[in-house]
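Student: Take this structure first; my questions come after.
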Amino acid sequence: MIENKQHNKSVNLWQSAIRDAVDKTKSNILLHEKQFPHITSEKKYSWGENTDWIEGFYTGMVWLCYEYTKDPFFSKSAMEHVDSFRDRLAANRYMDHHDIGFLFLPSAFAAWTLLRDESSRKLALEAADHLLLRWRTEGQYIQAWGPKGDKDNGGRIIIDCMMNIPLLYWASDQTGESKYAEIAGKHADLSRRYLMRGDDSSYHTFYFDPADGSPIRGGTHQGYQDGSTWTRGQAWAIYGFALSYRYTGNPSYLDTARRAAHYFIRRIPEDGVVYWDFDAPVNGNTPRDSSASAIAACGMIEIASHLVQDDPDREFFMDAASRSMASLVEHYSTVEDSHAEGLLRHGSYHVRGNLGPDDFMIWGDYYYLEALLRLEKGIPGYWYERT
Ligand code: GLY
(Lines give C-alpha, C1' and ligand atoms only; values in the text may rest on other atoms or scores of the structure.)
Protein backbone atom coordinates (compact mmCIF):
# COMPACT_ATOMS: atom_id res chain seq x y z
CA MET A 1 0.00 0.00 0.00
CA ILE A 2 1.32 3.45 -0.83
CA GLU A 3 1.76 5.10 2.55
CA ASN A 4 -0.31 8.18 3.23
CA LYS A 5 2.62 10.58 3.28
CA GLN A 6 3.89 9.19 -0.01
CA HIS A 7 0.35 9.21 -1.35
CA ASN A 8 -0.19 12.90 -0.51
CA LYS A 9 3.14 13.79 -2.02
CA SER A 10 2.14 11.90 -5.18
CA VAL A 11 -1.23 13.60 -5.40
CA ASN A 12 0.47 16.99 -5.35
CA LEU A 13 3.01 15.75 -7.83
CA TRP A 14 0.29 14.48 -10.17
CA GLN A 15 -1.71 17.70 -9.91
CA SER A 16 1.18 20.00 -10.71
CA ALA A 17 2.29 17.75 -13.59
CA ILE A 18 -1.23 17.73 -15.04
CA ARG A 19 -1.47 21.51 -14.74
CA ASP A 20 1.85 21.82 -16.56
CA ALA A 21 0.64 19.44 -19.31
CA VAL A 22 -2.56 21.41 -19.77
CA ASP A 23 -0.66 24.71 -20.01
CA LYS A 24 1.84 23.31 -22.51
CA THR A 25 -0.87 21.72 -24.65
CA LYS A 26 -2.75 25.02 -24.75
CA SER A 27 0.34 26.93 -25.74
CA ASN A 28 1.17 24.34 -28.46
CA ILE A 29 -2.32 24.73 -29.93
CA LEU A 30 -2.05 28.52 -29.91
CA LEU A 31 1.37 28.42 -31.54
CA HIS A 32 0.87 25.62 -34.07
CA GLU A 33 -2.88 25.84 -34.65
CA LYS A 34 -4.04 22.79 -36.64
CA GLN A 35 -0.62 21.22 -37.13
CA PHE A 36 0.48 17.96 -35.51
CA PRO A 37 3.78 17.26 -33.75
CA HIS A 38 6.01 14.79 -35.57
CA ILE A 39 9.10 12.90 -34.49
CA THR A 40 11.43 15.28 -32.73
CA SER A 41 14.94 16.22 -33.53
CA GLU A 42 17.17 18.33 -31.34
CA LYS A 43 14.64 18.40 -28.49
CA LYS A 44 11.96 20.14 -30.55
CA TYR A 45 8.87 18.77 -32.21
CA SER A 46 8.65 19.41 -35.91
CA TRP A 47 5.06 20.35 -36.75
CA GLY A 48 3.14 19.36 -39.86
CA GLU A 49 0.30 17.47 -41.50
CA ASN A 50 -1.68 14.45 -40.39
CA THR A 51 0.51 11.91 -42.18
CA ASP A 52 2.10 9.48 -39.73
CA TRP A 53 1.00 6.81 -37.24
CA ILE A 54 1.32 9.18 -34.27
CA GLU A 55 -1.14 12.04 -34.78
CA GLY A 56 -3.90 10.49 -32.69
CA PHE A 57 -1.81 10.85 -29.55
CA TYR A 58 -1.73 14.63 -29.81
CA THR A 59 -5.48 14.74 -30.36
CA GLY A 60 -5.86 12.38 -27.40
CA MET A 61 -3.87 14.80 -25.24
CA VAL A 62 -6.15 17.63 -26.27
CA TRP A 63 -9.16 15.48 -25.28
CA LEU A 64 -7.55 14.60 -21.95
CA CYS A 65 -7.04 18.33 -21.32
CA TYR A 66 -10.68 18.93 -22.17
CA GLU A 67 -11.82 16.14 -19.88
CA TYR A 68 -9.76 17.53 -17.02
CA THR A 69 -10.59 21.23 -17.46
CA LYS A 70 -13.93 21.17 -19.34
CA ASP A 71 -12.51 24.19 -21.18
CA PRO A 72 -14.23 24.37 -24.63
CA PHE A 73 -10.99 25.73 -26.07
CA PHE A 74 -9.74 22.13 -26.01
CA SER A 75 -12.88 20.46 -27.36
CA LYS A 76 -13.01 22.93 -30.25
CA SER A 77 -9.41 22.20 -31.13
CA ALA A 78 -9.85 18.43 -30.76
CA MET A 79 -12.89 18.48 -33.05
CA GLU A 80 -10.82 20.29 -35.68
CA HIS A 81 -8.35 17.42 -35.41
CA VAL A 82 -11.20 14.93 -35.83
CA ASP A 83 -12.10 16.70 -39.09
CA SER A 84 -8.53 16.19 -40.21
CA PHE A 85 -8.81 12.46 -39.47
CA ARG A 86 -12.09 12.36 -41.41
CA ASP A 87 -10.36 13.93 -44.42
CA ARG A 88 -7.47 11.54 -44.11
CA LEU A 89 -9.67 8.46 -44.10
CA ALA A 90 -11.87 9.77 -46.93
CA ALA A 91 -8.82 10.47 -49.07
CA ASN A 92 -7.24 7.15 -47.99
CA ARG A 93 -4.07 9.13 -47.26
CA TYR A 94 -1.29 7.37 -45.34
CA MET A 95 -3.66 4.62 -44.29
CA ASP A 96 -1.86 1.53 -45.58
CA HIS A 97 -0.77 0.17 -42.17
CA HIS A 98 -2.33 -1.28 -39.02
CA ASP A 99 -2.01 1.76 -36.74
CA ILE A 100 -5.62 2.68 -37.30
CA GLY A 101 -6.48 2.21 -33.62
CA PHE A 102 -3.70 4.55 -32.55
CA LEU A 103 -5.07 7.15 -34.98
CA PHE A 104 -8.82 6.87 -34.52
CA LEU A 105 -9.36 5.80 -30.90
CA PRO A 106 -7.87 8.87 -29.19
CA SER A 107 -9.44 11.13 -31.84
CA ALA A 108 -12.84 10.08 -33.26
CA PHE A 109 -13.69 7.51 -30.59
CA ALA A 110 -12.71 10.03 -27.88
CA ALA A 111 -15.08 12.58 -29.42
CA TRP A 112 -17.84 9.97 -29.23
CA THR A 113 -16.89 9.09 -25.65
CA LEU A 114 -16.87 12.67 -24.41
CA LEU A 115 -19.41 14.49 -26.57
CA ARG A 116 -21.55 11.63 -27.86
CA ASP A 117 -20.91 13.09 -31.31
CA GLU A 118 -22.61 10.74 -33.77
CA SER A 119 -20.48 11.68 -36.78
CA SER A 120 -17.36 10.82 -34.78
CA ARG A 121 -18.83 7.44 -33.84
CA LYS A 122 -19.45 6.75 -37.52
CA LEU A 123 -15.93 7.82 -38.37
CA ALA A 124 -14.48 5.44 -35.77
CA LEU A 125 -16.60 2.62 -37.23
CA GLU A 126 -15.40 3.42 -40.75
CA ALA A 127 -11.86 3.29 -39.39
CA ALA A 128 -12.59 -0.17 -37.95
CA ASP A 129 -13.70 -1.29 -41.43
CA HIS A 130 -10.46 0.06 -42.78
CA LEU A 131 -8.45 -1.90 -40.21
CA LEU A 132 -10.25 -5.08 -41.30
CA LEU A 133 -8.62 -4.63 -44.72
CA ARG A 134 -5.36 -5.66 -43.04
CA TRP A 135 -6.78 -9.09 -42.14
CA ARG A 136 -5.11 -11.85 -44.15
CA THR A 137 -7.46 -14.81 -44.37
CA GLU A 138 -4.78 -17.20 -45.67
CA GLY A 139 -2.46 -16.49 -42.74
CA GLN A 140 -5.15 -15.57 -40.16
CA TYR A 141 -3.44 -12.41 -38.89
CA ILE A 142 -3.58 -8.63 -39.21
CA GLN A 143 -0.65 -7.57 -41.39
CA ALA A 144 1.23 -4.73 -39.74
CA TRP A 145 2.99 -2.92 -42.53
CA GLY A 146 3.03 -2.63 -46.27
CA PRO A 147 0.62 -3.80 -48.94
CA LYS A 148 -0.69 -7.34 -49.28
CA GLY A 149 1.96 -9.58 -50.75
CA ASP A 150 4.79 -7.28 -49.70
CA LYS A 151 8.05 -9.20 -49.99
CA ASP A 152 9.37 -8.22 -46.53
CA ASN A 153 6.25 -7.44 -44.54
CA GLY A 154 3.48 -9.53 -46.12
CA GLY A 155 3.71 -12.19 -43.42
CA ARG A 156 4.58 -10.00 -40.49
CA ILE A 157 2.72 -9.17 -37.29
CA ILE A 158 3.94 -6.85 -34.54
CA ILE A 159 3.18 -6.61 -30.84
CA ASP A 160 2.10 -2.94 -31.15
CA CYS A 161 -1.05 -4.15 -32.94
CA MET A 162 -2.46 -5.27 -29.60
CA MET A 163 -3.22 -1.56 -29.05
CA ASN A 164 -4.99 -1.24 -32.42
CA ILE A 165 -7.43 -4.14 -32.07
CA PRO A 166 -9.55 -2.51 -29.32
CA LEU A 167 -11.09 -0.54 -32.20
CA LEU A 168 -12.33 -3.85 -33.63
CA TYR A 169 -13.77 -5.19 -30.36
CA TRP A 170 -15.54 -1.87 -29.89
CA ALA A 171 -16.94 -1.98 -33.44
CA SER A 172 -18.55 -5.35 -32.71
CA ASP A 173 -20.08 -4.01 -29.50
CA GLN A 174 -21.48 -1.05 -31.43
CA THR A 175 -22.78 -2.78 -34.52
CA GLY A 176 -23.66 -6.22 -33.18
CA GLU A 177 -21.58 -7.69 -36.01
CA SER A 178 -19.26 -10.36 -34.67
CA LYS A 179 -16.70 -10.23 -37.51
CA TYR A 180 -14.65 -7.41 -35.94
CA ALA A 181 -14.28 -9.08 -32.54
CA GLU A 182 -13.64 -12.49 -34.12
CA ILE A 183 -10.72 -11.10 -36.09
CA ALA A 184 -9.42 -9.18 -33.08
CA GLY A 185 -9.60 -12.34 -30.94
CA LYS A 186 -7.85 -14.49 -33.56
CA HIS A 187 -5.11 -11.91 -33.87
CA ALA A 188 -4.74 -11.63 -30.09
CA ASP A 189 -4.49 -15.43 -29.76
CA LEU A 190 -1.85 -15.60 -32.47
CA SER A 191 0.08 -12.75 -30.85
CA ARG A 192 -0.09 -14.47 -27.50
CA ARG A 193 1.17 -17.72 -28.98
CA TYR A 194 4.00 -16.37 -31.14
CA LEU A 195 4.99 -12.91 -29.95
CA MET A 196 5.08 -13.80 -26.25
CA ARG A 197 7.91 -16.06 -25.14
CA GLY A 198 8.16 -18.69 -22.41
CA ASP A 199 9.87 -16.30 -19.99
CA ASP A 200 7.06 -13.71 -20.49
CA SER A 201 9.20 -11.44 -22.65
CA SER A 202 8.11 -10.55 -26.17
CA TYR A 203 9.29 -10.41 -29.74
CA HIS A 204 8.63 -7.12 -31.45
CA THR A 205 7.65 -8.91 -34.65
CA PHE A 206 6.91 -12.40 -35.95
CA TYR A 207 6.98 -13.71 -39.52
CA PHE A 208 4.56 -16.21 -41.01
CA ASP A 209 4.28 -17.75 -44.42
CA PRO A 210 1.56 -15.55 -45.95
CA ALA A 211 0.31 -18.45 -48.07
CA ASP A 212 -0.84 -20.61 -45.17
CA GLY A 213 0.13 -18.85 -41.93
CA SER A 214 2.80 -21.35 -40.95
CA PRO A 215 5.16 -19.77 -38.42
CA ILE A 216 8.68 -18.85 -39.53
CA ARG A 217 10.52 -16.86 -36.87
CA GLY A 218 10.47 -14.02 -34.38
CA GLY A 219 12.48 -10.85 -34.97
CA THR A 220 12.68 -7.19 -34.23
CA HIS A 221 12.42 -3.90 -36.02
CA GLN A 222 13.06 -1.30 -33.34
CA GLY A 223 14.70 -3.46 -30.68
CA TYR A 224 18.36 -4.18 -30.02
CA GLN A 225 18.45 -7.52 -31.85
CA ASP A 226 16.10 -10.25 -33.02
CA GLY A 227 15.87 -12.18 -29.75
CA SER A 228 15.93 -9.17 -27.45
CA THR A 229 13.03 -7.54 -25.64
CA TRP A 230 12.28 -4.06 -26.89
CA THR A 231 10.90 -2.29 -23.84
CA ARG A 232 8.16 -0.40 -25.66
CA GLY A 233 7.02 -3.64 -27.28
CA GLN A 234 6.76 -5.21 -23.83
CA ALA A 235 4.74 -2.17 -22.70
CA TRP A 236 2.39 -2.53 -25.69
CA ALA A 237 1.93 -6.18 -24.66
CA ILE A 238 1.07 -5.27 -21.06
CA TYR A 239 -1.52 -2.70 -22.00
CA GLY A 240 -2.77 -4.43 -25.15
CA PHE A 241 -3.50 -7.81 -23.54
CA ALA A 242 -5.14 -6.05 -20.58
CA LEU A 243 -7.46 -4.30 -23.05
CA SER A 244 -8.23 -7.56 -24.86
CA TYR A 245 -9.21 -8.96 -21.47
CA ARG A 246 -11.45 -5.96 -20.78
CA TYR A 247 -13.33 -6.50 -24.04
CA THR A 248 -13.53 -10.29 -24.03
CA GLY A 249 -13.28 -11.46 -20.43
CA ASN A 250 -10.88 -14.16 -21.66
CA PRO A 251 -8.71 -14.89 -18.59
CA SER A 252 -5.72 -15.97 -20.70
CA TYR A 253 -5.30 -12.36 -21.88
CA LEU A 254 -5.26 -11.07 -18.31
CA ASP A 255 -2.77 -13.75 -17.40
CA THR A 256 -0.51 -12.72 -20.29
CA ALA A 257 -0.78 -9.04 -19.35
CA ARG A 258 0.12 -9.81 -15.73
CA ARG A 259 3.08 -11.95 -16.69
CA ALA A 260 4.35 -9.33 -19.14
CA ALA A 261 4.02 -6.69 -16.42
CA HIS A 262 5.98 -8.80 -13.92
CA TYR A 263 8.72 -9.27 -16.50
CA PHE A 264 8.84 -5.51 -17.08
CA ILE A 265 8.88 -4.64 -13.36
CA ARG A 266 11.68 -7.13 -12.63
CA ARG A 267 13.88 -5.22 -15.09
CA ILE A 268 13.12 -1.62 -14.16
CA PRO A 269 16.41 0.06 -13.28
CA GLU A 270 17.05 1.84 -10.00
CA ASP A 271 15.61 5.18 -11.08
CA GLY A 272 12.26 3.70 -12.12
CA VAL A 273 12.48 4.31 -15.89
CA VAL A 274 13.49 1.67 -18.43
CA TYR A 275 16.20 1.67 -21.07
CA TRP A 276 15.14 1.29 -24.70
CA ASP A 277 15.67 -2.48 -24.78
CA PHE A 278 15.96 -4.85 -21.83
CA ASP A 279 18.89 -6.59 -23.51
CA ALA A 280 20.84 -3.56 -24.72
CA PRO A 281 24.21 -3.24 -22.98
CA VAL A 282 23.95 -0.55 -20.34
CA ASN A 283 26.61 2.11 -20.07
CA GLY A 284 26.53 5.84 -19.41
CA ASN A 285 25.17 6.51 -22.92
CA THR A 286 22.42 3.91 -23.19
CA PRO A 287 19.19 5.69 -24.18
CA ARG A 288 16.14 5.32 -21.97
CA ASP A 289 12.65 5.04 -23.33
CA SER A 290 10.53 7.12 -20.99
CA SER A 291 7.53 6.48 -23.26
CA ALA A 292 7.74 2.73 -22.55
CA SER A 293 7.54 3.43 -18.83
CA ALA A 294 4.52 5.70 -19.29
CA ILE A 295 2.70 3.11 -21.46
CA ALA A 296 3.51 0.31 -19.01
CA ALA A 297 2.23 2.43 -16.11
CA CYS A 298 -1.13 2.85 -17.90
CA GLY A 299 -1.22 -0.88 -18.60
CA MET A 300 -0.47 -1.80 -15.01
CA ILE A 301 -3.19 0.52 -13.72
CA GLU A 302 -5.57 -1.07 -16.24
CA ILE A 303 -4.62 -4.58 -15.06
CA ALA A 304 -5.04 -3.57 -11.41
CA SER A 305 -8.57 -2.36 -12.19
CA HIS A 306 -9.51 -5.96 -13.07
CA LEU A 307 -8.08 -7.57 -9.94
CA VAL A 308 -10.00 -8.19 -6.74
CA GLN A 309 -9.13 -6.06 -3.73
CA ASP A 310 -7.10 -8.70 -1.92
CA ASP A 311 -5.11 -9.87 -4.96
CA PRO A 312 -1.53 -8.93 -4.08
CA ASP A 313 -0.82 -7.96 -7.69
CA ARG A 314 -3.34 -5.16 -7.44
CA GLU A 315 -1.28 -3.18 -4.97
CA PHE A 316 1.96 -4.37 -6.53
CA PHE A 317 1.07 -3.02 -9.97
CA MET A 318 -0.35 0.24 -8.60
CA ASP A 319 2.79 0.74 -6.59
CA ALA A 320 5.07 -0.01 -9.57
CA ALA A 321 3.07 2.37 -11.79
CA SER A 322 3.15 5.13 -9.15
CA ARG A 323 6.89 4.76 -8.61
CA SER A 324 7.66 4.99 -12.32
CA MET A 325 5.33 7.95 -12.71
CA ALA A 326 6.91 9.74 -9.76
CA SER A 327 10.32 9.29 -11.36
CA LEU A 328 9.01 10.46 -14.73
CA VAL A 329 7.54 13.61 -13.20
CA GLU A 330 10.54 14.39 -11.02
CA HIS A 331 13.42 13.46 -13.32
CA TYR A 332 12.15 13.18 -16.90
CA SER A 333 9.38 15.73 -17.30
CA THR A 334 9.70 19.33 -18.43
CA VAL A 335 7.72 20.63 -15.45
CA GLU A 336 10.66 22.92 -14.63
CA ASP A 337 10.94 24.20 -18.22
CA SER A 338 7.96 26.30 -19.22
CA HIS A 339 9.37 26.82 -22.76
CA ALA A 340 9.50 23.13 -23.68
CA GLU A 341 6.88 21.88 -26.14
CA GLY A 342 7.10 18.25 -25.04
CA LEU A 343 6.22 16.86 -21.62
CA LEU A 344 8.56 13.92 -21.28
CA ARG A 345 12.25 13.91 -22.13
CA HIS A 346 14.37 10.85 -22.96
CA GLY A 347 11.97 8.85 -25.08
CA SER A 348 13.32 6.68 -27.90
CA TYR A 349 11.71 6.00 -31.24
CA HIS A 350 14.12 3.86 -33.23
CA VAL A 351 17.56 3.82 -31.66
CA ARG A 352 19.35 1.63 -34.20
CA GLY A 353 17.81 3.65 -37.04
CA ASN A 354 19.01 6.83 -35.33
CA LEU A 355 15.47 8.22 -35.41
CA GLY A 356 14.62 10.10 -32.23
CA PRO A 357 17.04 8.11 -30.11
CA ASP A 358 16.65 10.38 -27.05
CA ASP A 359 13.96 12.99 -27.30
CA PHE A 360 10.29 13.91 -26.87
CA MET A 361 7.86 11.32 -28.26
CA ILE A 362 4.28 12.45 -28.66
CA TRP A 363 2.95 9.03 -27.58
CA GLY A 364 5.17 9.29 -24.49
CA ASP A 365 3.52 12.62 -23.71
CA TYR A 366 0.06 11.14 -24.28
CA TYR A 367 0.52 8.06 -22.06
CA TYR A 368 2.27 10.14 -19.40
CA LEU A 369 -0.78 12.40 -19.23
CA GLU A 370 -3.15 9.44 -19.38
CA ALA A 371 -1.33 7.78 -16.47
CA LEU A 372 -1.42 11.01 -14.46
CA LEU A 373 -5.15 11.34 -15.05
CA ARG A 374 -5.75 7.69 -14.25
CA LEU A 375 -3.90 8.15 -10.95
CA GLU A 376 -5.38 11.50 -10.06
CA LYS A 377 -8.91 11.32 -11.45
CA GLY A 378 -9.59 7.77 -12.61
CA ILE A 379 -9.83 9.05 -16.22
CA PRO A 380 -8.75 6.01 -18.29
CA GLY A 381 -7.98 7.44 -21.74
CA TYR A 382 -9.74 6.46 -24.94
CA TRP A 383 -9.43 2.73 -25.55
CA TYR A 384 -12.87 1.53 -24.42
CA GLU A 385 -16.34 2.79 -23.60
CA ARG A 386 -16.84 4.05 -20.07
CA THR A 387 -19.37 2.15 -18.05
N1 GLY B 1 4.15 1.57 -32.96
C2 GLY B 1 5.44 1.99 -33.28
C3 GLY B 1 6.27 2.30 -32.10
O4 GLY B 1 5.91 2.02 -30.97
O5 GLY B 1 7.34 2.85 -32.31
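Student: Once the convex hull of the C-alpha atoms of segment 111-203 is built, how many Å³ does it hold per residue, rounded to a whole number? Each step should come with its number before you reach the end.
Tutor: Numbers: hull volume 9.9 nm³, N = 93.
With only Cα atoms used, segment 111-203 gives 107 Å³ per residue.
Student: Of 166, 68, 350, which is farthest along the charge dipole of the chain in the positive direction, counting Lys and Arg as +1 and Asp and Glu as -1 at C-beta?
Tutor: Checked the options; the winner is 166.
Student: Right, something else. Measuring from centroid to centroid over Cα atoms, what is the spacing of segment 85-106 and segment 318-347 in Å?
Tutor: Using only Cα atoms to place each centre, the spacing works out to 29 Å.
Student: Which value, in Å³ per residue, describes the convex hull spanned by the Cα atoms of segment 1-159? Before the final figure, lay out each step's value.
Tutor: Working: hull volume 26.9 nm³, N = 159.
Spread over its residues, the Cα hull of segment 1-159 gives 169 Å³ apiece.
Student: Counting pairwise Cα distances across segment 208-329, what percent come out greater than 16 angstrom? Display every interim value, and only then the final one.
Tutor: Values: 4592 of 7381 pairs.
Result for the distance tail: 62 percent.
Student: A further question on this structure: Within the accessible area of the chain, what % is carbon and sulfur when the probe is 1.4 Å and the other protein chains stay in place?
Tutor: Reported share for carbon and sulfur atoms: 48 percent.
Student: Shifting gears a bit: Under a Cβ-only charge scheme (Lys and Arg +1, Asp and Glu -1), can you give me the dipole magnitude of segment 195-343 about the Cα centre, in debye to the nearest 20? Don't skip to the answer; put the middle values down first.
Tutor: Working: 11 positive and 21 negative charges, 60 e Å.
Computed charge dipole of segment 195-343: roughly 280 debye.
Student: Hey, another quick one. Using only Cα atoms, what Kirkwood radius does segment 245-387 have, in angstroms?
Tutor: 15.8 Å
Student: Give, to the nearest whole percent, the P(r) tail of segment 154-273 beyond 20 angstrom, counting all Cα pairs.
Tutor: Details: 3007 of 7140 pairs.
Roughly 42 percent, rounded to a whole number.
Student: A follow-up question, please. What is the ratio of the Cα radius of gyration of segment 40-127 to 2.2 N^0.38 Å, with N the residue count, to two decimals?
Tutor: Here the Cα radius of gyration is 1.06 times the empirical estimate.
Student: Using the Kirkwood radius over C-alpha pairs as Rh, can you work out the diffusion coefficient of segment 163-225 via Stokes-Einstein at 25 °C, viscosity 0.890 mPa s, in µm² per second?
Tutor: On the way: Rh = 13.2 Å.
Result for D is 186 µm²/s.
Student: To continue, here is another question. Need one number for segment 299-380: average projected area of the convex hull over its C-alpha atoms, nm². Mind showing how you got there, number by number?
Tutor: Working: hull surface 25.4 nm².
Over every viewing direction, the Cα hull of segment 299-380 projects on average to 6.4 nm².
Student: Using the Cβ atoms and a cut-off under 10 Å, what net charge is assigned to the surroundings of residue 288, where Lys and Arg are +1 and Asp and Glu are -1?
Tutor: Working: positive: 345; negative: 271, 289, 358.
In short, -2.
Student: Hey, what did the chain get for relative contact order, percent, Cα under 8 Å, at least 6 apart? Walk me through the numbers before you get to the answer.
Tutor: Working: 731 pairs, mean separation 68.0, N = 387.
Relative contact order comes out at 18 percent.
Student: Quick one: accessible area per residue over the chain, 1.4 Å probe, rounded to a whole number of Å²?
Tutor: Values: 15300 Å² over 387 residues.
Per residue, the chain has 40 Å² of solvent-accessible surface.
Student: Another question, then. Can you tell me the dipole magnitude for segment 145-252 around its Cα centre, using point charges on the Cβ only (Lys, Arg +1; Asp, Glu -1), in Debye to the nearest 20?
Tutor: On the way: 11 positive and 12 negative charges, 14 e Å.
With only Lys, Arg, Asp and Glu charged at Cβ, the dipole is about 60 debye.
Student: State log₁₀ I(q)/I(0) for the chain at q = 0.10, 0.12 Å⁻¹ as given by the Debye formula over alpha-carbon point scatterers of equal weight, solvent excluded.
Tutor: Computed log10 I(q)/I(0) values: -0.58, -0.87.
Student: Summing +1 for each Lys or Arg and -1 for each Asp or Glu, what net charge is found among the other residues whose Cβ lies under 11 Å from the Cβ of residue 207? Before the final figure, lay out the partial values.
Tutor: On the way: positive: 156, 217; negative: 152, 209, 226.
Charge balance near residue 207 sits at -1.
The values are calculated or read from the model by the stated rules, or taken from the named source; none is laboratory data. Remember, predicted model here, so these are calculated numbers, not experimental data. Virtual Cβ from ideal backbone geometry, glycine too; neighbours counted across all protein chains shown. Just the protein is used for accessible areas: all its heavy atoms, side chains included, with ligands, DNA and RNA removed. Shrake-Rupley method; radii C 1.70, N 1.55, O 1.52, S 1.80 Å.
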